[in-house]
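Notes follow once the structure below has been shown.
The values are calculated or read from the model by the stated rules, or taken from the named source; none is laboratory data. As the structure is a prediction and not an experimental result, all values here were calculated from the model. As a convention, Cβ positions derive from the backbone with ideal geometry for all residues, glycine included, and neighbour counts pool all protein chains shown. Ligands, DNA and RNA are excluded from the accessible area calculation, which covers all protein heavy atoms including side chains. Shrake-Rupley method; radii C 1.70, N 1.55, O 1.52, S 1.80 Å.
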Amino acid sequence: MLYQILALLIWGSSFIAAKYSYEMLDPTLMVEARLLIAALMVLPSCRRHLGRIPRSEWKPLLWISFVNYVVVLMLQFIGLKYTSAASAVTMVGLEPLLVVFVGHFFFNDKAKLYHWICGAVAFAGVGMMVMGGAEEGGTIDWFGCLLILLAGLGFAGVIRPSRQMVARIGAPAFTAASMAVAAVLCLPFSLVLADSYQINWSWGGTLSILYMGIGCSWLAYLLWNKGMNTVPANVSGLLISLEPVIGVIMAVLILGEHLSAMSAMGITVVIVSTFVAGMLARVSNKHKKAV
């Protein structure tokens with residue numbers, strides 16, 4: 001579990017770094033640059049692992065890589081272009097509940113009553129956040145939040161297949177192969193969706209992209225996938241409730257974003273709802289083991 005907590009702390013800072021990179025290049029090009037750097041980081045290990053992956057595993061691996069990296073990251077960082085980092089990371093905080101609900105409808109992993117109650121409260125919190133808006137220093141946009149919500153659904157959809165594949169081929173092989181092919185899969189979408197190909201070089205933007213490529217992509221995904229070996233999917237999803245806490249704090253302290261009272265209350269409702277759902281899930285699991 002420690003590996004996945006560390007990964008979430010790194011991911012919590014990714015939206016902060018991305019805001020700095022937007023001064024240099026388009027969000028879609030930033031995603032491609034981030035994945036390319038991550039691919040270069042795993043290239044040495046790819047030579048050891050690629051030949052050991054069974055041919056039958058490549059088709060599902062490509063689909064998982066496409067959704068997990070290309071679809072999720074594109075939706076997240078295009079959405080971030082329209083809304084504040086604080087609101088973006090709050091939407092990511094919904095992912096624990098999305099993982100549970102996707103499991104309920106598509107993987108026969110039934111949600112409990114408290115999941116539905118916490119989910120309803122959390123989405124009410126999202127409504128408060130969007131309606132409250134932001135004060136000087138940031139904006140909260142419903143379209144940007146919607147794109148990030150769709151990214152969360154994509155993440156929730158692949159977390160169980162990813163965990164199953166990690167169990168079959170191992171975390172190092174899965175991380176190296178999926179990250180290497182992601183840069184190739186993402187390239188055409190980055191070129192088509194980019195509003196501008198202009199690059200305004202700056203030290204801040206360059207360091208931000210390096211941090212996202214090495215830290216947020218390579219290191220964080222390596223830690224996350226390593227944790228999948230021992231952490232159940234539902235627990236992994238619920239751990240994500242830790243991510244928005246650090247993200248919101250960093251958005252306020254580093255980016256100087258200011259939230260209205262209603263938006264701040266809505267963010268608090270979302271975070272508390274996901275945290276309560278996670279705590280209740282742990283209590284329920286302990287009770288089952290005791291019985």
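The residue of the range 155-170 that is nearest to TRP11 (Cα to Cα), among those that are among the hydrophobic types (A, V, I, L, M, F, W, C) and crowded, with 20+ Cβ neighbours inside 10 Å, is PHE155.
Whenever a residue of the range 187-212 is closer than 18 Å to LYS19 by Cβ, its partners that are open to solvent by 80 Å² or more (accessible area, probe 1.4 Å) and in a helix (DSSP H, G or I), lying with C-beta atoms within less than 7 angstrom and at least six residues away or across chains, give the pairs GLY204/TYR20; GLY205/TYR20; SER208/TYR20. When ILE37, ILE16 are checked against the criterion of being under 15 Å from the mean Cα position of the chain (by Cα) and either in contact (Cβ under 8 Å) with a residue 40 or more places away in the chain or under 13 Å from LEU73 (Cβ atoms) (or both), a single residue qualifies: ILE16. Looking at the range 188-195, can you tell me whether even one residue there is at pLDDT 85 or above and not in a helix (DSSP H, G or I)? Checking the range 188-195: at least one residue is at pLDDT 85 or above and not in a helix (DSSP H, G or I). Of everything in the range 163-208 that's of a type in the set (Val, Ile, Thr) and closer than 21 Å to VAL67 by Cα, which residue is nearest to the chain's Cα centre (by Cα)? Among them, the one singled out is THR175.
Pairs meeting the criteria (first residue in the range 142-153 and within 13 Å of PHE77 (Cβ to Cβ), second residue open to solvent by 70 Å² or more (accessible area, probe 1.4 Å), beta carbons under 8 Å, at least 6 apart or on different chains) are GLY144/LYS81; GLY144/TYR82; LEU147/TYR82. Candidates are the residues of the range 249-290 that are free of Cβ contacts under 8 Å to residues at least 24 places away in the same chain and within 14 Å of SER84 (Cβ to Cβ); the one that is most open to solvent (accessible area, probe 1.4 Å) is LEU253. Only residues that are part of a helix (DSSP H, G or I) and either over 22 Å from the mean Cα position of the chain (by Cα) or charged (D, E, K, R) (or both) were counted in the range 243-290, giving 14. For THR206, the stated conditions do not hold, so it cannot be described as under 22 Å from GLY247 (Cα atoms), surrounded by fewer than 19 Cβ atoms within 10 Å (Cβ to Cβ), polar (S, T, N, Q) and at pLDDT below 90. Residue pairs whose Cβ atoms lie under 7 Å apart, separated by 6 or more positions or on different chains, with the first residue in the range 57-82 and among the hydroxyl-bearing types (Ser, Thr, Tyr) and the second open to solvent by 10 Å² or more (accessible area, probe 1.4 Å), are SER65/VAL181; SER65/LEU185; TYR82/ASP141; TYR82/PHE143.
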